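Trainee: Take this structure, written in structure tokens, and hold onto it; I'll ask about it next.
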């Protein structure tokens, strides 16, 4: 059925051992975002964790967490720097009114109070740190403080609970995406693969048509 599988359905299917195909009844950017959300939703290591700069407001942080369905945000020093400045978790967010315009820097846990690890840490060692330090998120940074990844207690527990889930070699859930056979389908395919799609499905009513044959030739030549 068309327009059935989005990121939530695809995630559920992968956790059950299947693969969901994100439909194409949306813009290229929106479909790529749906694919990216599945790939980010569960893995041993989140390789490119979402960040906000320390100058961002609490209101921005709240919208950011709702949009991306996350419970904690790594805070970087400057926009795009990827230098860890702190961590803003749910417990850090103020719940009283009138705080929306305050900078997240006032509420985050600063980096000098965080438990961090080197990017090459093993999963077993990460589990040990998470348990012993009673923390839920372990940022992975270089000696210069550059963010290289994130390991979360939630993801490690889910890996144990769902050993039969469909994953790639990095422990990320598998997800596919649908494309058409004409128009912007090549551009859409490129964006979806860049977002992490594990497979593409050509969504067309008649697989034997000349349109389909031309699309296949385009893929072969490209």
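Trainee: Return the only residue of 155, 184 being in contact with a strand residue (DSSP E or B) (Cβ under 9 Å, 6 or more places away or on another chain) and within 27 Å of residue 30 (Cβ to Cβ).
Mentor: Working: 184 fails: in contact with a strand residue (DSSP E or B) (Cβ under 9 Å, 6 or more places away or on another chain).
After ruling out the rest, the residue left standing is 155.
Trainee: Filter region 71-101 for residues that are in contact (Cβ under 8 Å) with a residue 12 or more places away in the chain, assigned to a loop (DSSP other than H, G, I, E, B) and within 16 Å of residue 58 (Cβ to Cβ) and give the result.
Mentor: Result: 71, 93, 94, 99, 100, 101.
Each row is one residue, and each column tells you yes or no for (1) farther than 28 Å from residue 30 by Cα; (2) surrounded by fewer than 16 Cβ atoms within 10 Å (Cβ to Cβ); (3) in contact (Cβ under 8 Å) with a residue 24 or more places away in the chain.
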| position | (1), (2), (3) |
| --- | --- |
| 145 | yes, no, yes |
| 150 | no, no, yes |
| 192 | no, no, yes |
| 207 | no, yes, no |
| 213 | no, yes, no |
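Trainee: So, in region 58-70, how many residues would count as being in contact with a strand residue (DSSP E or B) (Cβ under 7 Å, 6 or more places away or on another chain) and either within 18 Å of residue 7 (Cβ to Cβ) or surrounded by fewer than 16 Cβ atoms within 10 Å (Cβ to Cβ) (or both)?
Mentor: 2
Trainee: How many residues does region 159-190 hold that are part of a helix (DSSP H, G or I) and surrounded by fewer than 16 Cβ atoms within 10 Å (Cβ to Cβ)? Please lay out each step first, then the result.
Mentor: Restricting attention to region 159-190, the residues satisfying the condition of being part of a helix (DSSP H, G or I) are 159-161, 185-190.
Within this subset, residues satisfying the condition of being surrounded by fewer than 16 Cβ atoms within 10 Å (Cβ to Cβ) are 160-161, 186-187, 190.
So the answer is 5.
Trainee: Can I ask one more? Report yes if residue 200 is in contact with a strand residue (DSSP E or B) (Cβ under 7 Å, 6 or more places away or on another chain), free of Cβ contacts under 8 Å to residues at least 60 places away in the same chain and under 19 Å from residue 13 (Cβ atoms), otherwise no. I'd like the intermediate steps shown before the answer.
Mentor: Details: in contact with a strand residue (DSSP E or B) (Cβ under 7 Å, 6 or more places away or on another chain): yes; free of Cβ contacts under 8 Å to residues at least 60 places away in the same chain: yes; under 19 Å from residue 13 (Cβ atoms): yes.
Against the criterion (in contact with a strand residue (DSSP E or B) (Cβ under 7 Å, 6 or more places away or on another chain), free of Cβ contacts under 8 Å to residues at least 60 places away in the same chain and under 19 Å from residue 13 (Cβ atoms)), residue 200 qualifies.
Trainee: What's the total number of residues in region 73-115 that are within 21 Å of the chain's Cα centre (by Cα), within 21 Å of residue 134 (Cβ to Cβ) and surrounded by fewer than 18 Cβ atoms within 10 Å (Cβ to Cβ)?
Mentor: Selection size over region 73-115: 2.
Trainee: May I pose another question? Could you list, in sequence order, the residues of region 110-138 that are farther than 14 Å from residue 150 by Cβ and either at pLDDT 95 or above or assigned to a helix (DSSP H, G or I) (or both)? Lay out the reasoning, then the answer.
Mentor: Taking region 110-138 first, the residues farther than 14 Å from residue 150 by Cβ are 110, 112-113, 120, 122, 124-125, 127-128, 131-134.
Of everything in region 110-138, those that are farther than 14 Å from residue 150 by Cβ and either at pLDDT 95 or above or assigned to a helix (DSSP H, G or I) (or both) turn out to be 110, 112, 113, 124, 125, 127, 128, 131, 132.
Trainee: Next question. Scan region 8-55 for residues that are in a helix (DSSP H, G or I), in contact (Cβ under 8 Å) with a residue 40 or more places away in the chain, over 15 Å from residue 168 (Cβ atoms) and out of contact with any strand residue (DSSP E or B) (no Cβ under 7 Å at 6 or more places or on another chain) and jot them down.
Mentor: Of everything in region 8-55, those that are in a helix (DSSP H, G or I), in contact (Cβ under 8 Å) with a residue 40 or more places away in the chain, over 15 Å from residue 168 (Cβ atoms) and out of contact with any strand residue (DSSP E or B) (no Cβ under 7 Å at 6 or more places or on another chain) turn out to be 28, 29, 32, 33.
The values are calculated or read from the model by the stated rules, or taken from the named source; none is laboratory data. These numbers were taken from a predicted model, which means no experiment stands behind them. Virtual Cβ from ideal backbone geometry, glycine too; neighbours counted across all protein chains shown.
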